[in-house]
Amino acid sequence: MSSNPEHVDIAIVGGGPIGCALALALADSGRSFALLEARDVLDSRDPRAIALSQGSRLILERLGVWPALADRVTPIQTIHVSQRGGFGQTRLTAQEAGVPALGYTVEYGDLYRALAQTLPQSGAHVLTGTRVNAVAPAAGCGLVTYAQAGQARALTARLIVLAEGGQSLPAAGARKDYGASAVVCSVRTSRPHAHVAYERFTPEGPIALLPLHDAYALVWTTPGDQVATRLAWDEAAFLAALQAAFGERQGRFLTAGPRAAFPLRLAAAPSPRPGVVRVGNAAQTLHPVAGQGFNLGLRDVWKLAEAIADTAREDLGSAAFVANHQARRRWDVGGGIAMTDLLVELFSNDWTLLTQARGVALTLLDALAPAKRLFARKMMFGAQAW
C-alpha cells in the first residue's frame with residue numbers, strides 16, 4: 001500500500017534493508033504499519049559486500065526473501081583465522097558445524113533489491129520521498145512529522161521504530177572511535193576462492209577476504225593517517241602492499257576494483273524512551289570484524305516482530321513493552337559488541353606475549369572440535385547459540 005495514513009500501530013522510520021525486513025516480519029502480525037523512506041526508490045547500487053550468517057538465511061527464508069536472493073549469494077564453506085607475525089590458526093567448516101554453509105556473501109545492492117521486491121507482500125504503507133523532520137515518541141501515541149513532495153504531513157503511531165542507520169545514533173550513547181577505516185574493494189587472486197573466507201589479524205587491524213561470485217570482497221582495516229594514501233595508490237602499489245600485509249595463503253593478488261573507505265566506530269544507543277525502539281545500526285554500530293553487524297540487526301528485527309505479535313495493540317510503545325524488549329535483546333547485543341571489540345583490541349597489536357597467547361588460543365580452538373562448533377554457532381546464531 002502507498003497511501004498516506006494519519007495513524008498506524010507502528011511507524012518504521014528508515015526504508016533500508018533493516019526497515020524493509022521489519023515490514024516483512026510484521027506482515028502477519030495483524031497490526032497496521034507504515035514505512036517512511038527519504039529516497040524516492042527503494043534501491044541501491046552499493047557494491048559493498050555483506051556477510052550473511054546461516055541464522056540470517058533462516059530469517060530471510062521466513063520473510064520470503066531468500067528465493068529472490070539465492071542466485072546472488074556466494075556460500076562460505078570454510079573460515080580461516082590466523083595472525084600475521086605469529087603461529088596458530090583455526091579453520092571453521094560448515095561440515096563440522098553441521099550446516100549447509102557457515103554464511104553467505106552478497107552485495108548490499110542485491111540484498112536491498114530482494115527485500116524491496118518482496119515488500120509489497122507485507123501490506124505496509126510505503127511512503128517514499130519522505131523527509132522526516134521530527135519524531136516525538138510517547139507511551140500511548142507518538143508523532144512523526146515529515147515532508148513529502150513539498151507538503152508537510154504528520155503521522156501518529158503507538159510505536160515508532162528507528163531504522164535509519166548509524167547516522168541517527170545519538171551522541172549520548174556509548175561511543176568508541178577505532179581511529180581507522182575499512183578500505184573495501186573487490187580483488188582477484190591467482191587461486192580460486194573455493195568458498196573459503198579469511199580473517200587475517202595484523203598489528204594495524206584485521207584483513208577480511210570474503211568469497212563473492214568469482215572474486216573476493218576485501219575489507220582492509222587501515223589506520224586513519226594511511227587511508228588517503230591507500231585510496232590514492234595505483235593498482236600495482238595497492239596490490240603489493242596488500243600482498244605484504246596478507247601473505248600468500250590465497251596465492252598472488254592479481255587485480256583490485258574501485259576502492260572506498262568507511263570509518264570504523266563502536267556506538268550504542270542509550271536506554272530508549274517509551275514509544276520508541278531502535279533496530280540495526282540505529283541501535284548499535286560494530287566493528288566489521290567477524291561480520292556481525294547486519295546479522296545482529298536482522299535478529300533485532302525478528303525479535304521485535306515477535307514481541308509486537310505477542311503484545312496487545314494498546315500496549316505497543318508502553319514503557320513496559322520497550323523495557324521488556326530491551327531486556328530480551330541485551331544479552332545478544334551486548335555479547336556481539338563485547339566479542340567484536342575484544343577481538344580488535346586483543347589482535348590489533350604486535351606485543352610479543354599477546355602474540356604468543358593468541359597463537360596458543362588459535363591452536364587450541366582448532367584442536368577442540370566441541371569448542372569450534374560452539375564458536376561457529378555463536379557466529380551464526382548469536383547469543384541463543386550458547
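Key figures for this structure:
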| item | result |
| --- | --- |
| Trypsin sites (Lys or Arg not before Pro) within region 227-270: DSSP coil, no more than 14 neighbouring Cβ in 10 Å | ARG249, ARG252 |
| Between 0 and 90°, nearest 10: helix 352-367 axis offset from the chain longest Cα axis | 80 |
| Most mobile listed residue (PRO274, PRO223, PRO67) in the chain, GNM with C-alpha springs under 10 Å | PRO67 |
| Shape call, region 39-80: gyration tensor on alpha carbons, a/c limit 1.5 | oblate |
| Order of SER318, SER53 - criterion: other Cβ atoms within 10 Å of each residue's Cβ, fewest first | SER318, SER53 |
| Neighbour-count order for THR156, THR90, THR130, fewest beta carbons within 10 angstrom listed first | THR156, THR90, THR130 |
| DSSP-defined beta bridges in the chain - what % are antiparallel, rounded to 5 | 70 |
| Of GLY257, GLY166, GLY123, the one that fluctuates the most in a GNM where the chain has Cα springs shorter than 10 Å | GLY257 |
| Most to least packed among 77-89, 351-363 [average Cβ atoms within 10 Å] | 77-89, 351-363 |
| Degrees separating the helix 369-381 axis from the principal Cα axis of the chain, which is the longest one | 40 |
| Most mobile of VAL126, VAL187, VAL99 in a GNM of the chain (Cα contacts under 10 Å) | VAL99 |
| Neighbour-count order for ILE50, ILE337, fewest beta carbons within 10 angstrom listed first | ILE337, ILE50 |
| Helical contribution to [θ] at 222 nm, DSSP H n ≥ 4, -39,500 (n - 2.57), averaged over the chain, rounded to 500 | -10500 deg cm²/dmol |
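Quick note: the coordinates plus some simple rules give every number you see, no bench work behind them. Note that this is a predicted model, so its numbers are computed, not measured. Neighbour counts are summed over all protein chains in view; Cβ atoms, including those assigned to glycine, are modelled from backbone coordinates with ideal geometry.
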